[in-house]
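The block underneath contains the structure these notes are about, expressed in structure tokens.
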Amino acid sequence: MRELEVKTLSDMSIKIGLEVHCQLTKLKSKLFCPCSSDYRDKEPNTNICPICMGLPGTLPTLNKEALFYALKVCLALNSEPNKRILFFRKNYYYPDLPKNFQITQYDRGGGVPFSSGGVLKLSSGKEIRIRRMNLEEDPAKIFYEGSITSSRYSLIDYNRAGIALLEIVTEPDMSNPKEAREFLERLKGLLEHLEVSEPDLEGAMRCDANISLMDGTRVEIKNISSFKEVEKALNFEIARQKALISKGIKVKRETRHWDEARRITVSLREKEEEEDYRYFPEPDLVPIAINEEMVKQIILTLPELPEKREKRYVKELGLSETLAKVIAYDRDLMKLFEDSLKYCNLPKKIGSWIVNDILAYLNRKNLTLKDLNLDANKLAKLAEYSEEYKVSDKKLKELLNELISGKKNFLEVLKTLKKEELVQKDEVLRIVDSVIKSNSKALEDYRKNKKVLDYFMGKVMEISKGKIDAKEVRNLLKEKIEEIIK
Amino acid sequence: MKKLYHLPYHELRRKIFDKEIKVKDYAQEILERIKERKDINAFITINEGILEEANLIDNKIKEGEKVGRLAGALIAIKDNICTKGIRTTCASKMLSNYIPPYDATVIERIKIEDALILGKTNMDEFAMGSTTELSYFGPTKNPLDKERVAGGSSGGSGAAVADHQAPLALGADTGGSVRCPASFCGIFGLKPTYGLVSRYGLISYANSLEQIGPMAKSLKDLSLLLSCISGKDERDSTTLPLKDFNFSFEKKGKIAKRVAIIKELVEEGLQRGVRERFYSALEILKDMGIKISELSLKILEYAIPCYYIIAMAEASSNLARYDGLRYGLKLKEGMENFSLYISKIRGEGFGDEVKRRIILGTFILSAGYYEQFYIKAQAIRKIIRKEFDRIFKEYDLIISPTMPSIAYKLGEKSKDPLEMYLGDIETVSANLAGIPALSLPCGYSSNMPVGLQLMGKPLSEGLLLSTAQEFERIRGENFE
């Protein structure tokens, strides 16, 4: 009993905040120069120009499209954009920074962040507050031989240098690692919906976490590569801090590094050593005014957001809340669902298939929708045929799964569907004939009382174990009996 | 006999177009002049391809092809303006081997007008200085007195034009770097309105203050060069949205009517000879029918500290990129530790004045001092801007001497940085306020030229030039 109480107490006092860096991968060019923002799979140091290499004399110019993208995200999160967009220089020496400073935004020293405030809702309904968002440039990528500590050299690839990054900082509103993971998943979904980023691309969405227990010291964890790792790193850190606290050791305020291979966090630097970044306004970029008109324009271009979509699915399409939630927050599933509805009007059937069959299959096989040879058109056609041809649900599921897994292609599935219906029709005829033959007494009764048809119905359904369409059986029975008694 | 190199460009241009002379012959003559006058040390690098390029222009003219406004002009370029394929050093050991892969916007623009890059001129390292003594390549000497400095930081450009080693030059002015050598060498130099000329390709010292500016032997040449380099550039967000500048001298422009002199700029610290020249210049202005009033602008007491705080802060960040990893000076050893390597590179590659300004700038931006220095300096800058705005509501121009003295003796100021900084008192305000300022010769003191400075409201270059032209006419003394 006592132990349980302690556990609940500490759970309640865990505070987790996240700092997410997301590349605006859908932009055509880098944040401050004309180089492509598609740097992946390119020869090292080929996606560069004098500007992103910081060559003497070059000047940055802002990619206006990036401003629109950032505004989209900020409006979708209900974050208030600042009226003036100001850039600052964050000065520090590091080989991944061509200029030895990063152009970013700053909320002190006369600066303002890109936007302030905002919320993202978790499935539980809990709101995670956004503190601020900033637009900044990505540094280059450093390759080490082995690990950062043991490597004899570092290789620098500047292809990534200057890519537009959106930094999203939350309040410490998450009270367990699961919530942190869900926040990231929801944020990812949102960024995909807005078509500003492809967070699944390697390194496109990166995350630092900060955590404090029982209102204690704040520890930052860096170098977390995926959402799963966030959960793991936070769980480790909670265990580590709890162990320290239980031994009466004070948790140090520090920055720790998540060592994915060893599954532990290791100390990077303590607070005292933290650098002074000497922020000051970037003199080469002029402040940009964000006016109401711009914001209005962007609101008009915003797609329907997951939260709203979920409600519509339940209210207007009659989906269950579970189905609606799963589909509305996953961009790929949502697209398949919406596209299928363009070809057929069977939302419940399609919805159920997507979640209970397709998603279940994907999860089982650890695949994504892109791996399947399945499109909205096929799915819709199958749904329509299944309404037209009377086949058992069991058989239908079997066929759907064969289609999903690629065992049968769409044409084969359709053929089977037609054949199956014929087989079934023969079967029904056979049962109907035998029931009529073996119940001559009832046949006589029918002449006087038409309601005796129900008796035949019962018999047929009993034999077929209810697998066939009752309406059809009724029509067939009536037709046959009338013929006999004529 | 007057040699070709004595001529201002607009006269040469006529001869070139009349096929009286060949650009190649002219270039040959200029190259010989530079060789003869090597002791002036105006150039760091000469464009090796100049004769071939001259030949191309000659052919164009021979074939009757249309040529640009600067056809055959050999232009000396300050060595902090990037020239594709031609070494650009900033007069620093750090960049002593650096060859830019691109042209600055101003270089593109003069090339379109068929100008030729003559070479790259000496300067104070990274433009930090007022004498051109602080160069890795040695000091530039004043062509009028080799015991004296040419001024700085665009001293090589100033000396080259004054010494007839180039008809035209580009300099860059952060706190007086075009006007000071113009004044010390007796030529014309203009710092344009901030945003009139693109800085793309100008190696940054203090971004919010500096502008590339023309230097010439005549106002006509100066305005032609200015017209060719001005206007909006998509690659520099701080350029103003203006197109097609033409500061033409064909028509007589409007001249100033009301002029202000600022007590704080003309009372203390002026050399006697400079003061005398200045006051006789005022007499000429009065002869031109200009009304002159004296005002006081107390805030200018803070102009120099304000200027140096902003300049050093920006410089400390701008110069951070020189770490010996990607270009410039390299060391063969010590690569195993990034921090030690860049400390060593920066220790070896930068001169003392550059280090001093980086250290001070770093200090100024540090936590706790930023508010005390940087934010305050920006507040003073705002006030200075406002005060100038106010003055220009009533007056067309503000005039002052360009420099408080004639050219210093070599070594006179460069040993004491503070003294050197104080010499910028007349010039820094224009950079802080972003307004245009022109330096023109207004006589001699101890056989050395004295410069007169005209400042006007933003984009009043036309008024500055036509007023200066009228001043020249009345003075009845042509520089040549």
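The values are calculated or read from the model by the stated rules, or taken from the named source; none is laboratory data. Since we're looking at a predicted model, the values are computed, not measured. A quick note on method: Cβ atoms are made from the backbone with ideal geometry, for glycine too, and the neighbour counts reach across all protein chains shown. Please note that ligands, DNA and RNA were not included when accessible areas were found on the heavy atoms of the full protein model with its side chains. Shrake-Rupley method; radii C 1.70, N 1.55, O 1.52, S 1.80 Å.
At a glance:
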| read-out | value |
| --- | --- |
| B:GLY349 being over 27 Å from B:TYR194 (Cα atoms) and modelled with pLDDT of 95 or more | yes |
| Answer residue from the stretch B:59-71, given it is out of contact with any Phe, Trp or Tyr (no Cβ under 9 Å at 6 or more places or on another chain) and assigned to a loop (DSSP other than H, G, I, E, B) and is most open to solvent (accessible area, probe 1.4 Å) among those | B:LYS66 |
| Candidates B:GLY213, B:GLY195, B:GLY186, B:GLY171, filtered to the one that is assigned by TED's automatic domain parsing to the domain that holds B:LYS84, in contact (Cβ under 8 Å) with a residue 60 or more places away in the chain and within 20 Å of B:LYS457 (Cβ to Cβ) | B:GLY195 |
| Single condition A:TYR93 does not satisfy, out of (1) in a loop (DSSP other than H, G, I, E, B); (2) open to solvent by 30 Å² or more (accessible area, probe 1.4 Å); (3) away from chain B (no Cβ under 12 Å) | (3) |
| Some residue of the stretch A:79-88 being modelled with pLDDT of 95 or more, within 14 Å of another protein chain (Cβ to nearest Cβ), touching a Lys or Arg at 6+ places or on another chain (Cβ under 7 Å) and part of a loop (DSSP other than H, G, I, E, B) | no |
| Residue ID - nearest to the other protein chains (Cβ to nearest Cβ), chosen from residues in the stretch B:94-124 that are more than 25 Å from B:LEU331 (Cα to Cα) and among the small types (Gly, Ala, Ser) | B:ALA104 |
| Qualifying positions in the stretch B:331-351 - open to solvent by 40 Å² or more (accessible area, probe 1.4 Å) and among the aliphatic types (A, V, I, L, M) | B:MET335, B:LEU340 |
| Any chance B:SER317 is within 11 Å of chain A (Cβ to nearest Cβ), open to solvent by 40 Å² or more (accessible area, probe 1.4 Å) and of a type in the set (Gly, Ala, Ser) | no |
| Residue check for B:LYS220: in contact (Cβ under 8 Å) with a residue 12 or more places away in the chain and surrounded by fewer than 24 Cβ atoms within 10 Å (Cβ to Cβ) | yes |
| Cβ pairs under 6 Å, 6+ apart, first in the stretch A:35-55 and more than 23 Å from A:LEU201 (Cα to Cα), second part of a loop (DSSP other than H, G, I, E, B) and aromatic (Phe, Trp, Tyr) | A:PRO50/B:TYR102 |
| Contacts under 7 angstrom Cβ, first residue in the stretch B:81-93 being at positive phi and assigned by TED's automatic domain parsing to the domain that holds B:MET128, partner β-branched (Val, Ile, Thr) and at pLDDT 95 or above, 6 or more apart | B:GLY85/B:ILE99; B:CYS90/B:ILE203; B:ALA91/B:ILE44 |
| Residue within the stretch A:336-353 that is closer than 30 Å to A:LEU86 by Cβ, away from chain B (no Cβ under 14 Å) and among the aliphatic types (A, V, I, L, M) present | no |
| The stretch B:335-369 - residue that is assigned to a loop (DSSP other than H, G, I, E, B) and more than 13 Å from chain A (Cβ to nearest Cβ) and, of those, nearest to A:ASP96 (Cα to Cα) | B:PHE350 |
| Search result, residues across the stretch A:55-73 that are more than 8 Å from every other protein chain (Cβ to nearest Cβ) and open to solvent by less than 10 Å² (accessible area, probe 1.4 Å) | A:ALA66, A:LEU67, A:ALA70, A:LEU71, A:VAL73 |
| Some residue of the stretch B:180-192 being within 13 Å of chain A (Cβ to nearest Cβ), out of contact with any Pro (no Cβ under 6 Å at 6 or more places or on another chain) and not small (Gly, Ala, Ser) | no |
| Subset of the stretch A:332-384 (residues that are of a type in the set (S, T, N, Q), assigned to a loop (DSSP other than H, G, I, E, B) and at pLDDT below 90) | A:ASN366, A:THR368, A:ASN373 |
| Every residue from the stretch A:6-41 that is of a type in the set (Gly, Ala, Ser), surrounded by fewer than 21 Cβ atoms within 10 Å (Cβ to Cβ) and at pLDDT 95 or above | A:SER29, A:SER36 |
| Strands (runs of 3 or more DSSP E) wholly inside the stretch A:115-165 containing at least 3 residues that are farther than 30 Å from B:ARG321 by Cα | A:119-121, A:127-137 |
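For (1) within 30 Å of B:ASP221 (Cβ to Cβ); (2) open to solvent by less than 70 Å² (accessible area, probe 1.4 Å); (3) part of a helix (DSSP H, G or I); (4) in contact (Cβ under 8 Å) with a residue 60 or more places away in the chain, each residue gets a yes or a no:
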residue	(1), (2), (3), (4)
B:ALA379	no, yes, yes, no
B:ASP389	no, no, yes, yes
B:SER405	yes, yes, no, yes
B:LYS415	no, no, no, no
B:ALA468	yes, yes, yes, yes
